[in-house]
Amino acid sequence: MKKIIDRLNHRFASQLTLPSEPLKDRSAVEVLAGHTSCREYTDQPVSPELVELVCALALAAPAKSDLQQRDIILIEDKDKRRRMNELMRHDWIASAPVFVVFCANNRRQTQIHEWRQKTFANDHLDAFFNASVDAGIVLQNFVIAAQAFGLGCCPLSAIRFHLDEVNEMLELPDRVFPVAGMTLGWPAGQGEISLRLPLEATLHRDRYREEEMKSHIDNYDRHRNEIQPSSRQRYAAEFGEVENYGWSEDKARQYAKPERADFGAYIVRKGFRLE
């Protein structure tokens, strides 16, 4: 248990202490505490039985009102996989033996209303939101299940840079859309635990607090820059290079440029009402 606490204190730069309550499932907590994203894979294949089992464990996740508005698509066709690799443009994606896509799915719900001859009275933003969150929870379950078997994986929101092509490639009907891709395979190396914002910035009690938020982020920038400095400064040609390039500077530069501005229009074309 001490090793788990040490990992969390490293990640959050916190001072968590051992609880008095006994730990009933050490393995699950170790997976969460030691999570790393994997971008280096061996050429060892992952058996179809294990892939299917990980998917089943992922789909065992909680679902809003038991609506189960989420699906997983395994990309097994060689031509489709090759095209996915080209779209993502990273060597480590092509080297991963397995690639899956997590989809939000409000279609089944509307089909059920048609089959049962009931009005779908909740055709508004909440339908989109619920399906999206359900897909995100399944994605997290997938990561936990994969790492419990010693597999490595990495989610890819970049799939949403190519919505129309992915939509056509996967033959997604109305009210089904991709939330993220995921690589899966046997790790070729040891991943690095990513440092997170301190708990003082993200764990609130009784109300949202931001009185010291800037101070927390400034401290986090310095701490992360000491331990996990960025390998490059984003958009340096436009914004220049600074001496203390921290997490907040990187995120500010990232979202100073439009990203996926067509997503809302795509979702409307998929049949969702966002009012």
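Bear in mind these aren't lab numbers, they're just calculated from the coordinates by the rules spelled out. Nothing here was measured: the structure is a model prediction, and the numbers come from that model. Don't worry about glycine lacking a Cβ; one is built from the backbone with ideal geometry, like all the others, and counts go over all protein chains shown.
Which of the chymotrypsin sites (Phe, Trp or Tyr not before Pro) across region 90-130 are loop residues per DSSP, with 16 or fewer other Cβ within 10 Å?
Working: sites: W92, F99, F102, W115, F120, F128, F129; in loops: F120.
Here the sparse-neighbourhood loop sites are F120.
Computed from backbone phi with θ = phi - 60° and the Karplus coefficients 6.51, -1.76 and 1.60, the 3J(HN,Hα) list for region 163-171 is 4, 5, 5, 5, 4, 6, 4, 8, 6 Hz; x is used for glycine and proline.
Amide H contacts of V98 (H built 1.01 Å from N, in plane; Pro and chain starts excluded): L184 sit under 5 Å, all sequence-distant by 5 or more or on other chains.
In region 185-255, which chymotrypsin sites (Phe, Trp or Tyr not before Pro) are in a loop and have at most 11 other Cβ atoms within 10 Å, using DSSP for the loop call? Intermediate results must be reported in sequence, preceding the final value.
On the way: sites: Y208, Y220, Y235, F239, Y245, W247, Y255; in loops: Y208, Y235, Y245, Y255.
Of the chymotrypsin sites (Phe, Trp or Tyr not before Pro), the ones in loops of region 185-255 whose Cβ has at most 11 other Cβ atoms within 10 Å are Y208, Y255.
Build a GNM of the chain with springs between Cα atoms under 10 Å apart, and of E49, E40, E21 the one that fluctuates most is E21. Counting only aspartates and glutamates at least 8 places from K214 when in the same chain, those with an alpha carbon closer than 16 Å to its own are E200, E249, D250. Under 29 Å Cα to Cα from K24, which lysines show up? Leave out anything in the same chain fewer than 8 places away. Within the straight-line limit of under 29 Å, K24 reaches these lysines: K2, K3, K64.
For an R0 of 22 angstrom, estimate the FRET efficiency from the Cβ-Cβ distance between Q254 and I227 and round to the nearest 0.05.
Values: r = 20 Å, r/R0 = 0.93.
Approximately 0.60, to the nearest 0.05.
The length gained by stretching the chain between D43 and L67 to full extension, at 0.36 nm per residue less their Cα-Cα distance, is 4.9 nm. Summing charges over all other residues whose Cβ lies under 12 Å from the Cβ of L125, with Lys and Arg as +1 and Asp and Glu as -1, gives -2.
Calculated mean residue ellipticity at 222 nm for the chain: -13000 deg cm²/dmol, from DSSP H runs with n ≥ 4 weighted as -39500 (n - 2.57), summed, divided by the residue count and rounded to 500.
Dividing the convex hull volume of the alpha carbon atoms of the chain by its residue count, what do you get in Å³ per residue?
Convex hull of Cα atoms, per residue: 188 Å³.
Please report the spacing between the Cα centers of region 71-96 and region 31-52 in Å, no decimals. For region 71-96 versus region 31-52, the Cα centre distance is 15 Å. Estimated from the Cβ-Cβ distance and a Förster radius of 25 angstrom, the FRET efficiency linking K2 and E211 is about 0.15. Binning all Cα-Cα separations of region 151-241 at 5 Å, short to long from zero, yields these whole-percent fractions: 2, 9, 11, 11, 13, 17, 16, 12, 7, 1.
Strictly greater than 19 Å: what percent of every Cα pair in region 47-167 meets that?
On the way: 3908 of 7260 pairs.
Cα-Cα pairs in region 47-167 separated by more than 19 Å: 54 percent.
Counting other Cβ atoms within 10 Å as a rough exposure proxy, the listed residues T17, T110, T202 run T17, T202, T110 from fewest neighbours to most.
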